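The values are calculated or read from the model by the stated rules, or taken from the named source; none is laboratory data. This one's a predicted model, so the numbers in the text were calculated from it and none came from an experiment. Cβ: placed from backbone, ideal geometry, glycine included. Neighbour counts: every protein chain shown. Surface accessibility is based on the protein's heavy atoms, side chains included, excluding ligands, DNA and RNA. Shrake-Rupley method; radii C 1.70, N 1.55, O 1.52, S 1.80 Å.
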Amino acid sequence: QVQLVESGGGLVQAGNSVRLSCASSARTFRTCNVGWFRQAPGKEREFVAAISRSGVDTYYADSVKGRFTISRDSAQNTVYLQMNSLKPDDTAVYYCAASILRMGTRWEAYDFWGQGTQVTVSS
């Protein structure tokens, strides 16, 4: 019943930055752990970053650590993914997902998913 909507994707040049947003109208969203995943054509869905329900704990994939930052604004029911120093390999559809019970790195652990937003990084 938790519906998620991603936004902020688009075409950017390598080395530039973009911020993705994941918003929900559900009042229970603030109690969920939230993760970002991405999927490129011909590749498996992979974990990007996650944040706990309180916003205190965060976790990042090694490929994005130091470049991406996940954060949340509970008052606005929104989770953000700030992406800096973008590379062509970052090109993918980015998905926001919410987990009721725990924060994890595997997509099977998440209960609700958005429809994704495309990020294309040109060289």
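Structure above, values below:
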{"item": "Whole-angstrom gap from the range 6-68 to the range 88-123, using each part's C-alpha centre", "result": "6"}
{"item": "Fluctuation leader among 104, 55, 66 - the chain, Gaussian network, Cα springs under 10 angstrom", "result": "66"}
{"item": "Protein accessible area in the chain, 1.4 Å probe - carbon and sulfur %", "result": "45"}
{"item": "Disulfide-incompatible cysteines by the Cβ rule (no partner under 4.7 Å) in the chain", "result": "32"}
{"item": "Rough spin-label spacing in nm, given labels placed 7 Å along Cα→Cβ, for residue 118 and residue 82", "result": "2.8"}
{"item": "Simple Cβ-charge dipole of the chain, Lys/Arg +1 and Asp/Glu -1, about Cα centre, in debye nearest 20", "result": "200"}
{"item": "Virtual spin-label span in nm between residue 1 and residue 31, 7 Å along Cα→Cβ", "result": "1.0"}
{"item": "³J(HN,Hα) computed for each position of the range 93-100 - Karplus, 6.51 cos²θ - 1.76 cosθ + 1.60, integer Hz, glycine/proline x", "result": "8, 9, 10, 9, 9, 10, 10, 6"}
{"item": "Two-decimal ratio, the range 75-123, of alpha-carbon radius of gyration to 2.2 N^0.38 Å", "result": "1.35"}
{"item": "Projected label distance in nm at residue 73 and residue 39, using a 7 Å step from Cα toward the beta-carbon", "result": "2.9"}
{"item": "The range 57-123, accessible area per residue, ligands and nucleic acids excluded (1.4 Å, Å²)", "result": "55"}
{"item": "Which of 89, 57, 73 is most accessible, then next, and so on - probe 1.4 Å", "result": "89, 57, 73"}
